[in-house]
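Notes to accompany the following structure.
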Amino acid sequence: MAILLIFTTFLSKILGFVRDVALSYFYGASEITDAYLISLTIPGTIFSFIGVGIATSYIPIYHEINEKKGKNFGLVFTNEVIKIVFLISTFLMIFILLFSEQIVTVFASGLEGESFKLAVDFTRISSSTLYFSGLIYVLKAYSEANGNYLIPAFSSLPNSLISIGGIYLSTIYSVYWMSIGSALSIFVQLLIMLPFIYKNKFSFRAKLNLESNYLNKMIYISLPVMLGVSVNQINILIDRTLASSSFEGGISIITYASRVVFFVQDLFVISIVTIMYPVISRLLIRKSNIELSRVIEKTFAFINILLVPSMLISFIYSEEIVRILYGRGEFTQESIFITSSVLRFYSLGMLFYGWKEILVRGFYGSQDTKTPTINSMISTISNIILSVVLVNTVGIIGLPIATTLSSILLTMLLFVKFSKKIIQLPLNLLFIDLLKVFVASGLAIYVSDEIYNYLDSLNIHLSITFSILAFSLVNIYVISLVVLKVNNVKSIMELIKNKFGSWWRK
C-alpha cells in the first residue's frame, strides 16, 4: 500500500515540478509569477487553518465513534462535518470577493501597479476553489480513516496537468488562463474522488444536526490546531511580504526553492505519516503502548534513512538541482544563483520537519492538540522575529535560515513533551543511529561524486553516467547502513521485499 502511495505521490510531485518548470520557463521569476503564486496562497492560507484543524481532529474521533457505536454513526458524523465545512466555505468566499484588494495588500505589500491588479483578479478567481478544497479535506480524512490512502493521492495526479494547460493557454490568449486552470484543477480533483468515496459506502444526508456531542468535541479539539495553523499562516504572510519587498520576483524565488524541499517531504514524510497516523490513533485508543513504541521507532528510522541523504544532496548540489529544474527560458542566471542559495538553507530543515510530523501526529492521535499548538506558536513567533532581523541583515536568504532555526527549536520542544506525555523515546539510541545514517550518507555521496568525476572525464553519455551514479549511490548507502548496524535496517529491507502495510504492526 505505502509503496503504491509513495509511487503515486512521486508521480504527482514530478508533475508538480513540470508545472513549476513551465511557469519559470514562460514567466521566469517576475511580477506576474508573484501575482499568480500569491493568488494561490491567499485562499489556501485563509481556509487551511480550518481545513487542517478539522481533518486532524476528525480521524481520532471517527475511530472512537467506530469503536463505540459502529460505522453507521461514523457516516452520520462525517456528514455533519461536511455541512459545517460548506457553511464556512460560503462565508470565506464572500469575504475574499468583497475584500480582495485589502487582502492582497496584506499578503503582498510589495506588489504594485499591474502586478497588484493581476493578483486581485487572480485571487477572486481562485476563491471559487474553497468549496472544492473544503470537501477534499474531509473526504481525504474519511478515506484515510478507512485505510484508503491511494484515493486522495491518485485524485491529485491530474492537477498539475490542468494547471500546465492553463499556463500554456495564458501565453496564447489571456494571462487569466493561469488562474482559471488552477481553479479547474481543484474541481477535477474533487470529481475524481467522489466515485471512489461513494463506492466506499459513503452517502450524503442534507439534514444538519449541530447538537452532536462528537461534532462539538471535534470542534473543541480543532480549536488549538486552528490557532496554531493561523499563527503559522501569519508567519507565511510575513515571509511573502518580506520576500516581495526585498527582491523583485522574491515570492517566486521562495516558492521555487521551497517546492524542491516540499517534494522530498511530501514524497517520503507525508506518505509515511499518512499511513502511520490512523495506526497511531487506534493504538492510543486501545492503549497498546508497546506496539505504539515499535511503530514510532520504526517510523523515525525510516524517516532518517530517507531524509538524511536527501538533505545532504540538496545542500551540496543546490545550484545543480535548480539549474536542471528551472534553468531555461525566462529564468535568468541571477535567479538560479539566488534560488539555489535559498534552497541550500531550506534543505537544512528537512530532517527536523520529518521528526516534527511524527511527533505532532502522536499528540493528535491522543487527542492532545494543545501541546503541539503551544510549541508551534513559540516556534512561529521566533521564526517571525528571526525573519525580520535576518532579511534586513543578509537579504532574502534570511527567510530559509529563520525557517530552519525555528524548525529545530520546535522539534526539540516536541521531543521533550512527547517523552513526558505519551511515550519515553530512546533518544540516545535514536541519535546514535542518526549519526550512523549521516556517516553512511556522506560516504555514499563522496564515492558517487568520485565516480561521476571519473565518468565525466571519459565523456560517457550523460544518461549512462546518471544511471551508474544512481545505482552506485543506492548500493553504497545500503551496504554502509548494514555495516554500521543501523537499527531497523533489516526490518526496512523486509518491508521493501514484502508488503509495506503489514510492516507497521510487526
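All conditions but one from (1) at pLDDT below 75; (2) hydroxyl-bearing (Ser, Thr, Tyr); (3) crowded, with 17+ Cβ neighbours inside 10 Å; (4) closer than 30 Å to residue 292 by Cα apply to residue 441; the one that does not is (1). The residues in the stretch 276-288 that are buried (at least 21 other Cβ atoms within 10 Å of the Cβ) and either out of contact with any Pro (no Cβ under 7 Å at 6 or more places or on another chain) or not hydroxyl-bearing (Ser, Thr, Tyr) (or both) can be counted, and the count is 6. Taking the criterion of being hydroxyl-bearing (Ser, Thr, Tyr) and surrounded by 19 or more Cβ atoms within 10 Å (Cβ to Cβ), the residues of the stretch 407-438 that qualify are 407, 411.
Here are some residues: 128, 143, 160. Which one is modelled with pLDDT of 75 or more, among the small types (Gly, Ala, Ser), closer than 18 Å to residue 75 by Cβ and in a helix (DSSP H, G or I)? Write out each step before concluding.
Details: 128 fails: closer than 18 Å to residue 75 by Cβ; 160 fails: closer than 18 Å to residue 75 by Cβ.
Just a single option satisfies the conditions, and that option is 143.
Could we say that residue 137 is crowded, with 21+ Cβ neighbours inside 10 Å and either among the acidic types (Asp, Glu) or modelled with pLDDT under 85 (or both) here? Yes. Looking at the stretch 265-340, the helices (runs of 4 or more DSSP H) lying wholly inside it that each contain 3 or more residues that are under 23 Å from residue 426 (Cα atoms) and among the hydrophobic types (A, V, I, L, M, F, W, C) sit at 271-286, 289-316.
Would you check which residues across the stretch 301-316 are among the polar types (S, T, N, Q) and more than 11 Å from residue 434 (Cα to Cα) and list them? It would help to see each step written out before you state the result.
We begin by selecting, within the stretch 301-316, every residue among the polar types (S, T, N, Q); these are 304, 310, 314.
Across the stretch 301-316, the qualifying residues are 310, 314.
The values are calculated or read from the model by the stated rules, or taken from the named source; none is laboratory data. Fair warning: this is a prediction, and the values are worked out from it, not measured in the lab. Heads up, the Cβs are rebuilt from the backbone with ideal geometry, glycines too, and the neighbour counts pull from every protein chain shown.
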